[in-house]
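Heads up: the structure comes next, in structure tokens.
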Amino acid sequence: QLVAIHGAPRALRCDNGPALLSWPPWLALLLAGGLLVAFVLCRQTRAALPVLVGAVFAAGFLSYRQEITPAVRDIVSQVSLRDQNVELRGRILGDPDEEQRFKLRLSGLRTFADWREADGMVLVYRSATQTNVVLHYGDQIECSTVLRVPESAANPGGFDQRSWLARQNIAFTAVLRDTDYCRVLGGGGNRLTALSLRLRRQIERALCYGLEDEPGVAGVLMGMVIGRCDEIPRETYDDFQRTGVLHVASVSGLHVGLLALV
């Protein structure tokens, strides 16, 4: 709930919370270790269960403190939570060849001074007109952009982008426009993931073969077979919703994949 309210992952201030959260991590580690030793010594007595529960609680508390305490190099610790112009360095996670957005795992950040090391992730949206540089999964890039704080839900019960991104430890979004500086510094990334993305693109081309004049049919096939529901025409998607058969596109892709594997 705290993360959902504040919207900034790994940036909650423990000094503003309950007194329990102000405990230093070393104290929780010492408590967990001491209780674990006590459990080993008294495991044949009635006190064993309460001691074990206490050790698990202390270990869980230590993990929670580790999660909510921002690292020194975390982007949330280095910049204020507001819209601002910055330059970023990082590695692309995702497939910008197919989507208009990707996650950027940061390695460097510059505001007004020199470059400094940074950690964290930013969700980057590519402008439809951004064609001055070709981006691929795993590319190490350097770019200038505007960091933006995700918006909360405008209406009660509506989609809350800030909370959704906070659960992924993402505090900022950015837009990469065609006028923004961007260059590729090098490649990299996980080879298995890169191979999977190449295979997916080959499958998409195979599904569209012979259906160049029927993009709607090709979009439905891609949605059912490999889960690319964004290619389904809007009117067809609405028809699926109204007739209650949207699960055909959202679930059966897994079943088709298993059958194809067999």
**Prompt:** Quick one: would you say Ala118 is more than 26 Å from Met222 (Cα to Cα), of a type in the set (Gly, Ala, Ser) and surrounded by 14 or more Cβ atoms within 10 Å (Cβ to Cβ)?
**Reply:** yes
**Message:** Looking only at strands (runs of 3 or more DSSP E) that lie completely in the range 91-203, which have at least 3 residues being touching a Leu at 6+ places or on another chain (Cβ under 8 Å)?
**Reply:** 101-110, 121-126, 140-148, 170-176
**Request:** Specify which of the listed residues (Gly138, Gly90, Gly186, Gly94) is touching a residue at least 40 places away in the same chain (Cβ under 8 Å), under 30 Å from Ile203 (Cβ atoms), in contact with a Ser or Thr (Cβ under 6 Å, 6 or more places away or on another chain) and not hydrophobic (A, V, I, L, M, F, W, C).
**Result:** Gly90
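Matching residues to (1) of a type in the set (Asp, Glu); (2) more than 21 Å from the chain's Cα centre (by Cα):
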residue	(1), (2)
Glu151	yes, no
Phe159	no, no
Asn190	no, no
Leu197	no, no
Gly210	no, yes
Thr236	no, yes
Arg242	no, yes
**Request:** Could you grab the pairs with beta carbons closer than 8 Å, sequence gap of 6+ or different chains, first residue in the range 144-156 and among the basic types (Lys, Arg), second one surrounded by 12 or more Cβ atoms within 10 Å (Cβ to Cβ) and part of a strand (DSSP E or B)?
**Result:** Arg148/Phe172; Arg148/Thr173; Arg148/Ala174; Arg148/Val175
**Request:** State whether one or more residues within the range 165-183 are small (Gly, Ala, Ser), open to solvent by less than 40 Å² (accessible area, probe 1.4 Å) and more than 26 Å from Ala118 (Cβ to Cβ).
**Result:** no
**Prompt:** Can you pull out the residues in the range 204-213 that are in a helix (DSSP H, G or I), surrounded by 10 or more Cβ atoms within 10 Å (Cβ to Cβ) and not acidic (Asp, Glu)?
**Reply:** Ala206, Leu207, Cys208
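The values are calculated or read from the model by the stated rules, or taken from the named source; none is laboratory data. Because the structure is predicted, anything quoted here is derived from the model rather than measured. Neighbour counts run over all protein chains shown; Cβ positions are idealised from the backbone, glycine included. Side chains included, ligands, DNA and RNA excluded: accessible areas come from the protein's heavy atoms. Shrake-Rupley method; radii C 1.70, N 1.55, O 1.52, S 1.80 Å.
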